[in-house]
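The values are calculated or read from the model by the stated rules, or taken from the named source; none is laboratory data. Computed from a prediction, not measured in an experiment: that's the story for all the values here. Using ideal geometry, Cβ is built from the backbone for each residue, glycine included, and neighbour counts are taken over all protein chains shown.
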Amino acid sequence: MKEQWNERYSGEAYVYGQEPNTWLKEQLLAMQACRILLPADGEGRNAVFAAGLGFDVTAFDFSETARKKALELAQHREVKIRYDIAAFEEAGSLYLPASFDLIALIYAHMHSSVRRSYHQKLLDLLKPGGILLLEAFSLEQLPLTSGGPKNTELLYRVEDIQEDFASLSECQVIRETISLDEGTLHQGIAHVIRVIGRK
């Protein structure tokens, strides 16, 4: 899996583009800058954008190639980010509990066998009152060619995501149909699930 993602990111182009996810951009522009964690942030487009707004940015991914390109993008945009090499299961040992004001999961797909436990580990890193954002492909995305995994165990259902984040004091889980325009791999009509929750 790690080798697959290193290969995907090995080209000169940024496969999901250099601009942030549109929905995340809208959310961040409406918020006060704070300490944000971006798990599985790939080539850094979201981390670099957040840093440009003054957020204190930490990101991680298990792809060394992705990290290299993310740091190059940050240097080009003249911003600073912390970018760690880590998998989801290592996040709890890398960061202190309740140390982030905001966690944003943007197309950070996890296998159904571990998804709930990984989501809980990430929630443990969120401060009381902190905000969780998520955008990911729903099960309805499977037949489409606009992006996303071609494995039902990696796609999300509203009911499952509601259960994963049931401990949040406020949580909206919404299914949306959107038009993606993010690099070469996210193009066209897509079915997504979005979450805004407060711990």
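Is it true that GLY188 is at positive phi, in a strand (DSSP E or B), surrounded by fewer than 19 Cβ atoms within 10 Å (Cβ to Cβ) and free of Cβ contacts under 8 Å to residues at least 60 places away in the same chain? The answer is yes for GLY188.
Do you know which residues across the stretch 69-80 are surrounded by fewer than 16 Cβ atoms within 10 Å (Cβ to Cβ) and in contact with a strand residue (DSSP E or B) (Cβ under 9 Å, 6 or more places away or on another chain)? Across the stretch 69-80, the qualifying residue is only LYS80.
Counting the residues of the stretch 147-181 that are more than 17 Å from ALA104 (Cα to Cα), buried (at least 19 other Cβ atoms within 10 Å of the Cβ) and touching a residue at least 40 places away in the same chain (Cβ under 8 Å) gives 3.
If I filter the stretch 29-42 for residues that are part of a helix (DSSP H, G or I) and touching a helix residue (DSSP H, G or I) at 6+ places or on another chain (Cβ under 8 Å), do I get at least one hit? Within the stretch 29-42 (the criterion being part of a helix (DSSP H, G or I) and touching a helix residue (DSSP H, G or I) at 6+ places or on another chain (Cβ under 8 Å)), the answer is no, since none of the residues qualifies.
Which of the residues that make up the stretch 117-137 are surrounded by fewer than 21 Cβ atoms within 10 Å (Cβ to Cβ) and either small (Gly, Ala, Ser) or closer than 14 Å to LEU185 by Cα (or both)? Those that are surrounded by fewer than 21 Cβ atoms within 10 Å (Cβ to Cβ) and either small (Gly, Ala, Ser) or closer than 14 Å to LEU185 by Cα (or both): SER117, GLY129.
Listed here are the strands (runs of 3 or more DSSP E) enclosed by the stretch 48-129 that have at least 3 residues being among the aliphatic types (A, V, I, L, M) and in contact (Cβ under 8 Å) with a residue 40 or more places away in the chain: 100-106. Would you say ALA47 is surrounded by 15 or more Cβ atoms within 10 Å (Cβ to Cβ), within 28 Å of LEU155 (Cβ to Cβ) and either within 15 Å of the chain's Cα centre (by Cα) or modelled with pLDDT of 95 or more (or both)? So ALA47 fits the description; yes.
Can you tell me which residue in the stretch 5-22 is nearest to PHE62 (Cα to Cα), limited to those that are among the hydrophobic types (A, V, I, L, M, F, W, C) and surrounded by 17 or more Cβ atoms within 10 Å (Cβ to Cβ)? Here the answer is TRP5. Checking each residue in the stretch 181-199 for being within 15 Å of LEU142 (Cα to Cα) and of a type outside the set (Val, Ile, Thr) picks out LEU185, HIS186, GLN187, GLY188, ALA190, HIS191.
For the stretch 87-103, a residue qualifies if it is aliphatic (A, V, I, L, M) and surrounded by 19 or more Cβ atoms within 10 Å (Cβ to Cβ), and the qualifying residues are ALA91, LEU102, ILE103. Answer yes if at least one residue in the stretch 98-106 is charged (D, E, K, R) and modelled with pLDDT under 95, and no otherwise. No: zero hits.
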